[in-house]
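The values are calculated or read from the model by the stated rules, or taken from the named source; none is laboratory data. If you're wondering where the values come from, they're calculated on a predicted model, not measured in any experiment. Here the Cβ positions follow ideal geometry from the backbone for every residue, glycine too, while neighbour counts run over all protein chains shown.
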Amino acid sequence: MRSRLALLLALGACTPAADTGPDPCSHDGALAGCLEPTQTPEYYAAMSSMYFDTMDTSVELDGWPPYSELVARWEWPPWLKLTAYTRENIEATDTLLTLYPSVVPERDCRAFDTQPFGRCVVVFYYDAHEGRGCPIYEEFSFNDAGEITWIEAWSDVDGLRPTSAEDPWGEQGDIGRLSARIPGLGNAEGKIDIDSVWMEEAAEADPDVADFLVRANDWQATWLEEYASAPDDYWDVGCGW
């Protein structure tokens, strides 16, 4: 009996471990958390801050931040969700913002060793709003080439900011960032494929991803619909006025 038990135990020890499936970071649908920094902390902080130069009419812009080809900008309500998709469109929309003068003199941009590698707390001041400050918390995901692949913004006011006084940079837990849930942001190029099986599966499981997918398929029309349906006081709400 003892020898039989010993034999069974020995055979069990040689049995291969159960197959747990492919590495979730090894395919094109990988999530942003799969990437590690490839640039210096100073680079991530500087490129994140440079983004706000495109909206600061006091800055003489001599170039664009290093956007990836399929960069997306997602702004949580009361802002208008997907407000630009692709490098061409984000540069075009930011050019139009010169018609809506603002300055962004208050900036605190920092680098982190997990995605999003760049995170900023800033305050916008708009001519059209009597110079009142509008505080924003914004995050930037990057690919291995150091290009910005995803921009995500929240109002930095009570009831709307995703962070807390105990965790002001969203390091300690889930703050609901969509960047962590979009397939493709974790491949080397940080490239989103809205027609991929990865995106379809994520959209079926996550209503925020599904919302992004609908908007990415026609971001201009959905942005206009969002703008048309926004309440008249959405600036007041978003800026905490």
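Quick notes
- Residues in segment 138-155 that are over 22 Å from Q39 (Cα atoms) and of a type in the set (S, T, Y): S155 alone.
- Subset of segment 36-53 that is hydrophobic (A, V, I, L, M, F, W, C) and touching a Cys at 6+ places or on another chain (Cβ under 8 Å) - its residue that is surrounded by the fewest Cβ atoms within 10 Å (Cβ to Cβ): A46
- Out of E139, E166, E152, E130, one residue alone is under 28 Å from D28 (Cβ atoms) and out of contact with any Phe, Trp or Tyr (no Cβ under 7 Å at 6 or more places or on another chain). It is E139.
- So A205, is it surrounded by 13 or more Cβ atoms within 10 Å (Cβ to Cβ) and of a type in the set (A, V, I, L, M, F, W, C): no
- The requirement of being acidic (D, E), in contact with a strand residue (DSSP E or B) (Cβ under 6 Å, 6 or more places away or on another chain), closer than 18 Å to P135 by Cβ and surrounded by fewer than 17 Cβ atoms within 10 Å (Cβ to Cβ) is not satisfied by D56.
- Every listed requirement among (1) surrounded by 13 or more Cβ atoms within 10 Å (Cβ to Cβ); (2) more than 27 Å from M50 (Cβ to Cβ); (3) touching a residue at least 24 places away in the same chain (Cβ under 8 Å); (4) not aliphatic (A, V, I, L, M) is met by P231 save one, (1).
- Residue match in segment 13-32 (condition: within 25 Å of M199 (Cα to Cα), outside any loop (DSSP other than H, G, I, E, B) and at pLDDT 95 or above): yes
- Among the residues making up segment 34-48, those that are under 19 Å from E138 (Cβ atoms) and outside any loop (DSSP other than H, G, I, E, B) are P41, E42, Y43, Y44, A45, A46, M47, S48.
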